[in-house]
Amino acid sequence: MAALLRPVGDTGILITYGSSIAEETSLRVLEAARRIREAAMPGVEDVIPAYTTVLVIFDREQTDYRALADALAADPGIASPPPLPEEDRPPRKLPTAYGGEDGPDLGEVARRTGLSPGEVVRRHTEREYRVYFLGFTPGYPYMGGLDPRLEIPRLHTPRTRVPAGSVAIAGLQTGLYPMESPGGWSLIGRTPLLLFDPTAEEPTYLRPGDRVHFESIPGPVTPPPPPRPEFSPREPLCLLGYPGLYTTLQDAGRRGFMHLGASRAGAADVLSLARANALVGNRPDAAALEMTALGPELRFLASARIATGGAHCGLLLDDESVEGRGPFRVKSGTRVRFTPFRVGLRAYLAVDGGFDGPLMMGSRSTDTVAEFGGIDGGALRANTILGRAQDAPGKAVPPAREALAGTKGDFVVRAIPGPQSHHFPDAAREALQSQAFTVSNDSNRMGLRLRGSAIIPHNDRGPDIISEGILPGSIQIPGDGHPIVMGPNAQTTGGYAKIAVVPSSDLALLGQAQPGDMVRFRLTDPPGESREI
């Protein structure tokens, strides 16, 4: 079949090379991804292969959909790629302890397949597997080639906790959990290998295209935890006393690592981050404190200029209330506090020079799901000393526009028809933009879960698709019909149909939506037409 090229939001292009999971299709996808990456087309940020597709993410300040689509279509090696050439290296060997506490589902797999546990292990270890792509979490390999006798559906109720290193099967696939995470596949074993190390030059143990062979070893086993770099700020700036409800270090996010399964992370409201940074003379992407619902208390150890952006809250300098966003000059010894947020969920505190933190995969952002980056991979704790980076000067620019201007718990955002908009009847698109959805309590930085009076119906294709790359802002419609808007910490690939995609500038606005707020969508035209190439 001819490759199909279609827009994804305002910063993505999806190229589809097949309609079913097959090794030949996968090798063509991987070769296309390699060629796109090597072509170094202006504005291309990342290239994410999946089973049958390649998602190309671009920077709108450097290119646009039409220009990039024309460049992709003009390259015959991208429009009709040959299979990826076989690399001259042996299969990666994965020592695995099967059964027992390492593989708690081995017995159930044996029962459902009519095989003995030993026969399940034999069939799993005698095959050679191909890594089709990485997704879900950093370094998670989706591998094809499972023995058909081992085919088994996903768990009816996914686990909330799967141990790091777990070896799992579902359908005709096998996979590995690089870190502790939720998961719905059957666990048959565990490897002692470290599968993801964000401090390494090659962060993932496996990469797309690798051939893999499992070897049975005695258990139980425990993989080592990912190393956490020891970090001491170059210039101590302030002492964090009370840490606030949920305060993290965030910049504009990681760019160019989604193909490894690492989410973009970064500020949920990049407009407010840029605004606060502009006020103190920083680059728009400098690291700042992202404060959720209730701000922290800090005591400065050196003089600085500070400014805020995002949620509306009062600022107290040594118990004296100050008006506006800043910039404000603080001296050594100044205590900085925040009043409860009045409008919006997240506020940003910027300092001249930017907040310091270890650079991991090109960013200081905290990945709150994979638990790396920022300061120790999570929310800041009391009595943490924060430093100034001194590497974030920017040209004098007017403050970025306020994402929250004019909103008081009622958000209206644009939505561009998504890559599976044709999977939905007209009634679904009407339901999407004719009602106000309520932000659910189980929303987080991974996704904004919405509830409405009308369920979004699928057509006879159902909610599931072959897993493909996901752009932040994508509106997934799972089987229950309730929309999920993917956030900065969303997984990088997924298998639910996407009815629409919130454009990047409007997604910043949704970073301020909190449980109970209302969200309305307004469908708008895509940046260009889908076409065969």
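The values are calculated or read from the model by the stated rules, or taken from the named source; none is laboratory data. If you're wondering where the values come from, they're calculated on a predicted model, not measured in any experiment. Cβ: placed from backbone, ideal geometry, glycine included. Neighbour counts: every protein chain shown.
Quick one: which helices (runs of 4 or more DSSP H) lie wholly within the stretch 1-96 and hold at least 1 residues that are surrounded by 14 or more Cβ atoms within 10 Å (Cβ to Cβ) and under 25 Å from the mean Cα position of the chain (by Cα)? Give the steps one after another, and end with the answer.
Working: elements: 23-39, 65-74, 76-79.
Correct list: 23-39, 65-74.
Pairs, please: C-beta under 6 Å, at least 6 apart or cross-chain, first residue free of Cβ contacts under 8 Å to residues at least 40 places away in the same chain and outside the structural domain of residue 252 (by TED's automatic domain parsing) and in the stretch 333-354, second part of a strand (DSSP E or B) and among the acidic types (Asp, Glu)?
Close Cβ pairs (under 6 Å, with a partner that is part of a strand (DSSP E or B) and among the acidic types (Asp, Glu)) do not exist here.
Among the residues of the stretch 244-254, are any over 26 Å from residue 471 (Cα atoms) and surrounded by fewer than 17 Cβ atoms within 10 Å (Cβ to Cβ)? I'd like the intermediate steps shown before the answer.
Within the stretch 244-254, the subset over 26 Å from residue 471 (Cα atoms) is 244-245.
With surrounded by fewer than 17 Cβ atoms within 10 Å (Cβ to Cβ) added as a condition, the list becomes 245.
Within the stretch 244-254, one or more residues are over 26 Å from residue 471 (Cα atoms) and surrounded by fewer than 17 Cβ atoms within 10 Å (Cβ to Cβ).
Would you check which residues across the stretch 232-241 are out of contact with any Gly (no Cβ under 7 Å at 6 or more places or on another chain) and surrounded by 14 or more Cβ atoms within 10 Å (Cβ to Cβ) and list them?
238, 239, 240, 241
Between a residue in the stretch 410-431 that is in the same structural domain as residue 497 (by TED's automatic domain parsing) and closer than 12 Å to residue 477 by Cβ and any residue that is of a type in the set (S, T, N, Q) and crowded, with 22+ Cβ neighbours inside 10 Å, which pairs come within a Cβ distance under 7 Å, given they are 6 or more apart or on different chains?
418/474
Can you tell me which residue in the stretch 121-159 is modelled with the lowest pLDDT, limited to those that are surrounded by 15 or more Cβ atoms within 10 Å (Cβ to Cβ) and of a type in the set (Ser, Thr, Tyr)?
Checked the stretch 121-159; the qualifying residue modelled with the lowest pLDDT is 137.
Could you say whether any residue in the stretch 337-350 is farther than 30 Å from residue 518 by Cβ and assigned to a loop (DSSP other than H, G, I, E, B)?
Narrowing the stretch 337-350 to residues farther than 30 Å from residue 518 by Cβ: 337.
From the residues that got through so far, the ones that are assigned to a loop (DSSP other than H, G, I, E, B) too are none.
Looking through the stretch 337-350, none of the residues is farther than 30 Å from residue 518 by Cβ and assigned to a loop (DSSP other than H, G, I, E, B).
Would you point out the residue of the stretch 255-268, among those that are under 24 Å from residue 347 (Cα atoms) and in contact with a strand residue (DSSP E or B) (Cβ under 8 Å, 6 or more places away or on another chain), that is surrounded by the fewest Cβ atoms within 10 Å (Cβ to Cβ)?
Of everything passing the filter in the stretch 255-268, 255 is surrounded by the fewest Cβ atoms within 10 Å (Cβ to Cβ).
Filter the strands (runs of 3 or more DSSP E) completely within the stretch 169-254 down to those with at least 2 residues that are polar (S, T, N, Q) and in the same structural domain as residue 123 (by TED's automatic domain parsing).
Filter on the stretch 169-254 gives 173-176.
Within the stretch 320-332, can one find any residue that is of a type in the set (Phe, Trp, Tyr), buried (at least 20 other Cβ atoms within 10 Å of the Cβ) and modelled with pLDDT of 95 or more?
No: zero hits.
Looking at the structure I just gave you, is residue 191 within 23 Å of the chain's Cα centre (by Cα) and of a type in the set (Val, Ile, Thr)? Working first, answer last.
On the way: within 23 Å of the chain's Cα centre (by Cα): no; of a type in the set (Val, Ile, Thr): yes.
No.
So which of 450, 523 ends up being at negative phi, buried (at least 19 other Cβ atoms within 10 Å of the Cβ) and not assigned by TED's automatic domain parsing to the domain that holds residue 346?
None of the others qualify; the one that does is 450.
Starting from residues that are more than 18 Å from the chain's Cα centre (by Cα) and modelled with pLDDT of 90 or more, keep the ones in the stretch 177-188 and report whichever is nearest to residue 217 (Cα to Cα).
So in the stretch 177-188, the residues more than 18 Å from the chain's Cα centre (by Cα) come out as 184-188.
Keeping just the survivors that are modelled with pLDDT of 90 or more gives 185-188.
On the way: 185: 21, 186: 19, 187: 16, 188: 13 Å.
This residue is 188.
So, in the stretch 210-227, how many residues would count as being crowded, with 21+ Cβ neighbours inside 10 Å and not hydrophobic (A, V, I, L, M, F, W, C)? Let's see the steps before the verdict.
Initially, the stretch 210-227 is screened for residues crowded, with 21+ Cβ neighbours inside 10 Å, giving 214, 226.
Now narrow it down to the ones that are not hydrophobic (A, V, I, L, M, F, W, C): 226.
Summing the residues that are crowded, with 21+ Cβ neighbours inside 10 Å and not hydrophobic (A, V, I, L, M, F, W, C) in the stretch 210-227 gives 1.
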